[in-house]
Amino acid sequence: MVTYLQVESLSKSFGDNVLFDNISFGISEGEKVGIIAKNGTGKSTLMNILSGSEGYDFGKITYNNNIRVGYLKQQPVYDGESTILDACLNVENETCKVLRDYERCLMRGDDITELLVKMDSTGAWDYEERFKRLLSQLKIDDLSAKIKTLSGGQVKRIAIASLLLSEPDMILLDEPTNHLDVDMIEWLESYLTRSRATLLMVTHDRYFLDKVCNKIIEIDNNTIYAYQGNYNYYLEKRAERIELQTLAIEKAKNLYRTELDWMRRQPQARATKAKYRIDAFYDLQQKAKMRIYDNNVKLENNSGYIGSKIFEAENVCKSFGDKVILKNFNYIFSRYDKLGIVGNNGVGKSTFVKLLLGIIKPDSGVIDVGETVKFGYYKQDIDPIDESKKVIDVAREIAEVVYFNEKNSLTTSQFLNKFLFSPTDQQKYVYKLSGGEKRRLNLALMLMTKPNFIILDEPTNDLDIMTLGILEDYLAQFKGCAIIISHDRFFMDRCINHLFVFEGNGVIKDFPGNYSEYREWLANHPEAMTNDTVKVQNKDNRKPRDYSNRLTYKEKKELEQLTEEIEQLETELKEIEKIFNGEKEIENGNSFDSLSKRFAIIKDLLEGKELRWLELSEKSE
């Protein structure tokens, strides 16, 4: 098998921040390799180094002399005044130059007689056919449009077109699915799966990794781990590795205690110690102090109480000129609803949540939000953070302690640690964080405010897979409501229970299932692709989802716990009532004021727990 890329003993650091140290790996012809690591460990830096756009400290990078390498940056940059045609055909070869001149003349209506001859002589007609077919598949039509007028998703599609038209033997991709809508992600996924090109990519899209890649490289603790298989295979083998490492560290800790006692003996005895044993002690000390940051970190739910009324939309309309976003929209949001929103770029998904939040006003109609609702909003463009402050100080401005319930809480430092900010990372100044680390910090800060209604607008952009796993687990046990706008199919499948499909021109379909179920339904109902009047309901021709009344094991345990908690709270409530009625004296230094406050808290807790108890009880009948 021909080696396309060989990386040997590569090291890169910024000051005292070591991104990777002495890493080595190789990529062979035909391999499709995904790189996985948490934010801040240098994934994009590594891609820039491999593309030649950034330097490194030590090591050696060797490409096969006979291959052409193409690179898709995470955020492609073009001259705003250049046209789509210029950007797509920026490859400097004779065929591209002739085709570029030919297309420009067509757009201007100039004489093309001379260029027709050149198109024949350079064999550019076949290239033009491929060029037009690719642009059509990527939904790029107006070649005369200037780059500055385009959205981020459109610019990304142009960069993909330019890359694929250059026909590289090896392709480097840095977050290729960012800012693409689901249709484009699935198209690119299919194209790369069929392609014979060798791939090396950084992406957080787990379905994309699973379907495209046949090898996974993980960067963890400045070390490279390679797995010959797709993403699911990687998860299985990584879990085995973590388990073995954990056992080895525990064994090292036990031996370290014995060797430490030996090292602490009187100085005069130290001269007689065997040098090999002293050296071995320091190696053992380093191993015993290793920490494994597994991505299976559990974050308890800390949402505030939410009442039965969430929000009601009645005949809501919103347009921007001729562009209709909502048209006589009616909806009553249910308690504990987890709603996903999908649709092509520009159909009004972000506008919808801004209407709900009151950031923008509807043209007509009413959105009535319940009094107990407390929103937590995670935007595409993250809120600015004071970069002159340390991570821990920024978080402490929100809360010194994060309370989950009456019994459980975490300090700010412990909470940040759950979001993969180690004690050392917490002492970093914000300006030293990577873009992904800043987004992770923003997410942690939002959840610290204890919202009971979370709105996430493209949360997966620039977040690493480890953080997404933490967020998914959090949402799974979240005792509140959520609206999630995302193109990440894996994330949507794990986190939502129904979909709004925005199709443009005010058409919104309400589908009772996750994204994969919607795509399955769509495959069996091709008329829905073109018929805007199709209504997706439980009573359609599709086999309804199995909303079985049987409780899951977890729900049975929750029902049992709720029964006990309700009994305890009711008992405490009766005791306080006896004091208020003069049937019992105040004890333990309590006052009427403190008991009144406690009485109100218990009433609120009982209301929430009883509603949940009723919900589970009805399901078990």
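Some observations on this one:
- With one equal scatterer per alpha carbon and no solvent term, the Debye-computed log10 I(q)/I(0) for segment 42-125 at 0.12, 0.14, 0.16, 0.22 1/Å reads -0.57, -0.70, -0.81, -1.08.
- With every protein chain in place, segment 114-220: carbon and sulfur % of accessible area (1.4 Å): 47
- Probing with 1.4 Å while keeping every protein chain in the model, the per residue accessible area of segment 71-144 equals 57 Å².
- Beta bridges per DSSP with both ends in the chain, % antiparallel, nearest 5: 55
- Rg and Dmax over the alpha-carbon atoms of segment 114-191 stand at 14.2, 42 Å.
- A crude spin-label estimate for the pair Ile332 and Glu243, with each label 7 Å from Cα along the Cβ direction, gives 4.9 nm.
- Cross-link partners of Lys609 among aspartates and glutamates, defined as those whose alpha carbon lies under 13 angstrom from its own and excluding same-chain residues fewer than eight positions apart: Glu558, Glu560, Glu564, Glu565, Glu567, Glu570.
- Pairs of Lys residues in segment 411-521, spaced 8 or more positions apart or belonging to different chains, with C-alpha separations under 17 angstrom: 5 in total.
- Taking every lysine pair in segment 1-138 that is 8 or more places apart or spans two chains, those with Cα atoms closer than 25 Å amount to 18.
- Cα point-scatterer Debye curve for segment 306-459, base-10 log of I(q)/I(0) at q = 0.10 Å⁻¹: -0.46
- Carbon and sulfur %, accessible surface of segment 1-75 computed with the full protein complex present, 1.4 Å: 43
- A Förster radius of 30 Å, combined with the Cβ-Cβ distance separating Asn22 from Lys390, puts the computed FRET efficiency at roughly 0.50.
- The calculated FRET efficiency for the pair Ile67 and Ser9, based on their C-beta separation and a Förster distance of 22 Å, comes to about 0.50.
- The alpha-carbon atoms of segment 87-134, seen along their principal axes, cover 25, 22, 20 angstrom, with the largest extent given first.
- Computed FRET value (nearest 0.05) for Ile579 with Ser617, which takes r as the C-beta separation and R₀ as 25 Å: 0.20
- Taking all pairs of distinct alpha-carbon atoms in the chain, Kirkwood radius in angstrom: 28.5
- Taking amide H positions as modeled 1.01 Å from N, with prolines and chain starts lacking one, the residues under 5 Å from Ile36 and 5 or more places away or on another chain are Ile217, Glu218, Ile219.
- Computed 3J(HN,Hα) for segment 474-488, one whole-Hz value per residue from the Karplus formula 6.51 cos²θ - 1.76 cosθ + 1.60 where θ = phi - 60°, is 4, 5, 4, 10, 5, 8, x, 10, 8, 10, 10, 9, 7, 9, 8, glycine and proline marked x.
- Residues of segment 23-48 with amide N under 15 Å of the 7 Å Cα→Cβ point at Arg196: 29-31
- The helix-only estimate of mean residue ellipticity at 222 nm for the chain, built from DSSP H runs of length n ≥ 4 each weighted as -39500 (n - 2.57), is -13500 deg cm²/dmol after division by the residue total.
- Excluding ligands, DNA and RNA, the accessible surface per residue across segment 357-444 is 53 Å² with a 1.4 Å probe.
- For segment 1-143, the C-alpha radius of gyration sits at 1.40 times the compact-globule guess of 2.2 N^0.38 Å, with N the residue count.
- Apportionment of accessible area to carbon and sulfur, segment 369-421, percent (1.4 Å): 44
- Extension gain (nm, one decimal) between Met1 and Tyr233, 0.36 nm per residue minus Cα-Cα: 81.3 nm
The values are calculated or read from the model by the stated rules, or taken from the named source; none is laboratory data. The shown structure was predicted, so the numbers you read here are calculated from the model rather than taken from an experiment. With ideal geometry, Cβ positions are generated from the backbone for all residues, glycine too; neighbour counts draw on all protein chains shown. The accessibility values were calculated without ligands, DNA or RNA, using every heavy atom of the protein model including side chains. Shrake-Rupley method; radii C 1.70, N 1.55, O 1.52, S 1.80 Å.
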